[in-house]
Amino acid sequence: MSMFVIGYYAALIAASCIAAYFQNRQAFMLLFSLTLVSFVLGIVGGVPALQGVTIFAGILALAAGTSYAFREFLIQVSRPAIAKELRTAPLTAAFGMFVIFTYAIAGIFAPWIAPFGQSEVIASAFEPPNEDMLLGADQLGRDMFSRIVYGARNSVGLALLATILAFVIGALAGLYSAVKGGWLDQLSGRVADVIMSVPSLIFALLMLSIFGTYLWVIVVVVAIIYSPRVFRLTRAVAGNVVVMDYVEAAKLRGEGDWHLIRKEILPNSTAPLIAEFGLEFCFVFLLIAGLSFLGLGIQPPTADWGSMVRENATLISFGDITPLIPAAAIALLTVAVNFVVDWMLFRSSGLKEQ
Amino acid sequence: MRDILGLVAKRLGLGLVTLLVVSVLIFFAVELLPGDIAQAVLGQMATEETLARLREELGLGRPAIVRYFDWLAGAVTGDFGTSLIDGEPVTAKITDRFVSTLFLAAYAAVIAVPFAITLGIIVALLRNSIFDRVANVVTLTSISSPEFFLGYILILYLAVKWSMFPAIASISSGMTLLELLERTFLPALTLVLVVTAHMMRMTRAAIINLLASPYIEMARLKGAPPWKVIVKHALPNAWAPIINVVALNLAYLVTGVVLVEVVFVYPGIGQLLVDAVAKRDFPIVQACCLIFAATFILLNLAADVGAILTNPRLRHPK
């Protein structure tokens, strides 16, 4: 038995005992069940499995520390009202905000961060990492790291554009339907039903096969596919606001529809809409990533995470994880947005599970 | 009882109408092509003569509405026309692949459904404990990952590093069931991971929702143990939402299968669709889209009908 294994179990058991002593039941249960699971893991996988668990725990601890520090930082720099809200954010939400912040920096300052251009061929195909290239070269000899940084700008930017368009279409239709009612309401409701009854990826493939894989086609098609979700939510939320007395009063004052929407209804339905924006972004982002993975999204040589996975997939059969990094980047951003949305939904709905 | 039958019939009728509208959408979307199909297939350089010949062949001279009803009548009887690229009948290309895709989806569903519901109930029982939070983070991560990410991770570890399963799901007709199951294990596992996470979260939410109702409070106050509260009192009323969850996720499987088939080079209908989109082979695209959409609509329909049938209030009217 190596020193590592002895140290590993000693640390786990000591930590369990400390948790038990301080009567922290949950931490104790977690640590002690981890100890028990480690027995099985150690027998099946040997020392490497235990080392894997240690590395994983280390990464988790690092992420938790970073999130904690980032939350403190946000609390310090923001105004008192916002700071008070931020104090209630769980660590997962803080982690999400940190990741989103990092991606935003990478996307905005991509040309300054990336050492090479996104379509600049600087080495031979699939060259392994060296001092110049952090992650090696891709299938055409372009710097992988630079392309991932540029991908933050291209992939996320495109998804953001499509989400905003989907939101404008869906929210406007929802608000007008709620205010006007009647045949307009019925018609847009039925159109939304039809769009939602076709699986989104299939719908997107059909439209792209007809109009070709141009950027504007992708943005418009994806926006149309996901606008019914926004429409339904807006329609439901605004439907509850429209029957309020103050909206009735505004109507009697003779205000126009646009005024009703902008001044009376919208300010009272923002909270669920903001959370929906985050969720919607995740769906759009995953759909566009799937399309580019199939070779039908952003076209080369523009760097894009989905197509990078596909182009470099051959490396995986040699046990190289580089092609998974762009895929992991997609997953990480989606998880981060979901964490933040979870917190927002919890806060805005006051949903306290028993 | 008549109430239920009426509701079910109404829902079925609505599903049929939806399917019809979607078929109109799929057919007439192609009519939106700038120029027409012949132009799109042959490109800008085609001479008037060849264009005219192809138009003649495709019957483009007739009005679109007539061609739509021809196409629909063909589709209902299993005839989707011929491929634009090689002139073979579309139905022959689709049939085998559709069976393969259904096999993969069913394989994934058989593993995922019992697994996810059991886990969902356990997590609902342990709600707000540290296990619940860990499960929350893990399922959220799994949902947020693109299918190809999960697929490649499984290939990297289970196929390349530990060589337990084949990375490429190549199947042929002469294989035994056991061989088939082994060859398609990784794609099925990828689908299981995605769908289980969804189903588990939705089952948990459905049960926790119910736990807030007064009759559960009553059961608790009379001293029933927690597991009994869930299994005896909550579960019978939770079946409707759970059936809904299962059907919705099976519908989700239908689309998830496209990406997974491409990752594992599995000869299913999703792969065919993606190839056809790249080659702009419209009859195949239309046929595949119609099949996917029909499956999706049918499963959603099944969810609604299942929810109606298991609703105790509807089954035992006062």
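Data overview
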quantity: At 1.306 mPa s and 10 °C, Stokes D of the stretch B:262-315 from Kirkwood alpha-carbon radius, µm² per second; calculated: 119
quantity: Surface accessible to a 1.4 Å probe, per residue, for the residues of the protein assembly as shown, Å²; calculated: 49
quantity: Positive-end residue of B:Thr118, B:Pro89, B:Leu72, charge dipole of the stretch B:66-156 with Cβ unit charges; calculated: B:Thr118
quantity: Value of [θ]222 nm, deg cm²/dmol, for chain B, DSSP H segments ≥ 4, -39500 (n - 2.57) each, nearest 500; calculated: -24500 deg cm²/dmol
quantity: Aspartates and glutamates whose Cα lies under 17 Å from that of A:Lys263, excluding same-chain neighbours fewer than 8 positions away; calculated: A:Asp245, A:Glu248, A:Glu255
quantity: Residue with peak Gaussian network fluctuation, chain B [Cα springs, cutoff 10 Å], from B:Met45, B:Met218, B:Met199; calculated: B:Met45
quantity: Distance from the stretch B:230-286 to the stretch B:124-166 (C-alpha centre basis), Å; calculated: 19
quantity: Loop chymotrypsin sites (Phe, Trp or Tyr not before Pro), the stretch A:1-95 (other Cβ atoms within 10 Å of the site Cβ: 15 or fewer; DSSP); calculated: A:Phe22
quantity: Aspartates and glutamates with Cα under 17 Å of B:Lys232, excluding same-chain neighbours fewer than 8 positions away; calculated: B:Glu217
quantity: Helix runs (DSSP H) in chain A reaching 24 Å along axis by Cα, Kyte-Doolittle at least -1.0; calculated: A:3-21, A:25-77, A:91-108, A:144-180, A:215-242, A:270-293, A:324-349
quantity: √(5λ) per eigenvalue of the Cα gyration tensor, the stretch A:248-354, largest first, Å; calculated: 43, 19, 7
quantity: Rg(Cα)/(2.2 N^0.38 Å) for chain B, N = residue count; calculated: 1.22
quantity: Cβ crowding within 10 Å averaged over residues, with A:214-226, A:155-167, A:310-322 ranked highest first; calculated: A:155-167, A:214-226, A:310-322
quantity: Rounded percent of accessible protein surface that carbon and sulfur make up, chain A, 1.4 Å probe; calculated: 71
quantity: Dimensionless Rg ratio for the protein assembly as shown, taking C-alpha atoms and the 2.2 N^0.38 Å reference; calculated: 1.04
quantity: Convex hull of chain A built on C-alpha atoms - directionally averaged projected area, nm²; calculated: 24.7
quantity: Selection from A:Ser269, A:Ala64, A:Ile218 lying farthest towards where the dipole of chain A points positive, charges on Cβ; calculated: A:Ser269
quantity: Net dipole in debye of the protein assembly as shown [+1 Lys, Arg Cβ; -1 Asp, Glu Cβ; about Cα centre; nearest 20]; calculated: 2780
quantity: Calculated P(r) of the stretch A:36-94 - Cα pairs past 12 Å, %; calculated: 71
quantity: Selected from B:Leu248, B:Leu150, B:Leu51 as most flexible by GNM, with chain B as the system and alpha-carbon contacts under 10 Å; calculated: B:Leu51
quantity: Global size of the stretch A:152-291 as Cα Rg and Dmax, reported in angstrom; calculated: 16.4, 51
quantity: Buried accessible area, chains A and B (both chains, 1.4 Å probe, Å² to nearest 100); calculated: 4200
quantity: √(5λ) per eigenvalue of the Cα gyration tensor, the stretch B:19-156, largest first, Å; calculated: 48, 18, 16
quantity: Chain A: most fluctuating residue of A:Arg25, A:Arg232, A:Arg262 per GNM, C-alpha cutoff 10 Å; calculated: A:Arg25
quantity: At q = 0.11, 0.12, 0.23, 0.24 Å⁻¹, base-10 log of I(q)/I(0) for the stretch A:154-233 (Debye sum, equal scatterers on each alpha carbon); calculated: -0.30, -0.36, -1.05, -1.10
quantity: Mean Cα-pair separation over length for the stretch B:200-285, i.e. relative contact order, pairs under 8 Å, 6 or more apart, %; calculated: 21
quantity: Compactness relative to 2.2 N^0.38 Å, alpha carbon Rg of the stretch B:83-165; calculated: 1.62
quantity: Descending principal axes extents, the stretch B:197-298, alpha-carbon based, whole Å; calculated: 66, 25, 15
quantity: Size of the stretch A:1-159 as Cα extents on the principal axes (Å, biggest first); calculated: 58, 51, 26
quantity: Semi-axes of the equivalent ellipsoid for the stretch A:69-169, Cα gyration tensor, largest first, Å; calculated: 35, 18, 10
quantity: Relative contact order (%) - the stretch B:88-211, alpha-carbon pairs under 8 angstrom, separation at least six; calculated: 42
quantity: Chain B - percent relative contact order, Cα under 8 Å, separation 6 or more; calculated: 27
quantity: Helix-only CD estimate at 222 nm, as mean residue ellipticity for chain A, using -39500 (n - 2.57) per DSSP H run (n ≥ 4); calculated: -25500 deg cm²/dmol
quantity: D_trans [Stokes-Einstein, Kirkwood Rh over alpha-carbon pairs] for the stretch B:118-226, 10 °C, 1.306 mPa s, µm² s⁻¹; calculated: 96
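The values are calculated or read from the model by the stated rules, or taken from the named source; none is laboratory data. Just so it is clear, the structure is predicted and the values come from calculations on it, not from any experiment. Heads up, the Cβs are rebuilt from the backbone with ideal geometry, glycines too, and the neighbour counts pull from every protein chain shown. Each accessible area value is taken on the protein alone, full model and side chains, heavy atoms only, with ligands, DNA and RNA left out. Shrake-Rupley method; radii C 1.70, N 1.55, O 1.52, S 1.80 Å.
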